[in-house]
Amino acid sequence: MKINTLSLSATINTAKTVFFGHEKKHFSIILIILLASLSSACQMTTSTNNIHNEGSYSDYYLWLKTLNKKQVLAEEQKQQAVLNKTLNKSLNKPINSVDLSQGKLILIYSLANTPLHQPYKAKRLLNEHLLASNNMSKDDLGFTMLLRDQLNTQLHLIEQQAQARKKFNKQSDEHHAIIEQLKKQLKRVNQQLILLKKIDQNINERG
């Protein structure tokens, strides 16, 4: 009976060792998976923040496209505040901070279908930006040049539309003037007809 008890005790101890050994192994695996997930989440968060903080202009523009009108307005106020704050500081402030905020504002004002769509203002800022920037990456420079071409095309179309509207308004005014002139002529003709009818009536009464 004693031998059986010792054998049972040894079996239980062996089972505990195996169980807890596997449990530690499983715990280690779970811990590694959790750490990897947290690391991945941190990288994704950093990457998302970098899109509109330190990323390229193309990444920032794509991020702007995901915002609603209210969020675009808030972003414009944020970048304008950053730009004003940077300009008000001493000249020791790195110029690329000004360039970055100004570049973002250009993209905001170039964004169609928003209350802030101002292509003329975007083009003016873009010209200043290209003159002042000397540390732009090749990708950002290419994107900026493409944006400049698109703004030029857009402004040309706006000018054509304005000229067409001006021409239409001029023609419309001319047509209205002609119509008013014809109305006056018709009024004079009617008055003459009435006068002729009165003369004819007087002649008939005397005859």
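Here are some notes:
- Positions within the stretch 139-153 being of a type outside the set (Lys, Arg) and either crowded, with 17+ Cβ neighbours inside 10 Å or not assigned by TED's automatic domain parsing to the domain that holds Lys69 (or both), in sequence order: Asp140, Phe143, Thr144, Leu147, Leu151
- Checklist (1) outside the structural domain of Leu146 (by TED's automatic domain parsing); (2) at pLDDT 85 or above applied to Thr46, failing item: (2)
- Hits in the stretch 59-86 - residues which are in contact (Cβ under 8 Å) with a residue 40 or more places away in the chain and surrounded by 16 or more Cβ atoms within 10 Å (Cβ to Cβ): Tyr60, Tyr61, Leu64, Val72, Glu76
- Filter pass, Lys69 being modelled with pLDDT of 50 or more and more than 12 Å from the chain's Cα centre (by Cα): no
- Hey, Gly103 more than 18 Å from the chain's Cα centre (by Cα), outside any loop (DSSP other than H, G, I, E, B), at pLDDT 85 or above and closer than 13 Å to Tyr57 by Cβ or not: no
- Options His129, His156: the member that is under 19 Å from Lys104 (Cα atoms), surrounded by 10 or more Cβ atoms within 10 Å (Cβ to Cβ) and in the same structural domain as Gly103 (by TED's automatic domain parsing): His129
- Residues that are exposed (fewer than 15 other Cβ atoms within 10 Å of the Cβ) and of a type outside the set (S, T, N, Q) within the stretch 111-120 comprise Ala112, Pro115, Tyr120, listed in sequence order.
- Checklist (1) in the same structural domain as Val82 (by TED's automatic domain parsing); (2) assigned to a helix (DSSP H, G or I); (3) not small (Gly, Ala, Ser) applied to Met136, failing item: (2)
The values are calculated or read from the model by the stated rules, or taken from the named source; none is laboratory data. Every value quoted in this text rests on a predicted model; they were computed, and no experiment measured them. Methodologically, a virtual Cβ is constructed for each residue, glycine included, from the backbone with ideal geometry; neighbour enumeration extends over all protein chains shown.
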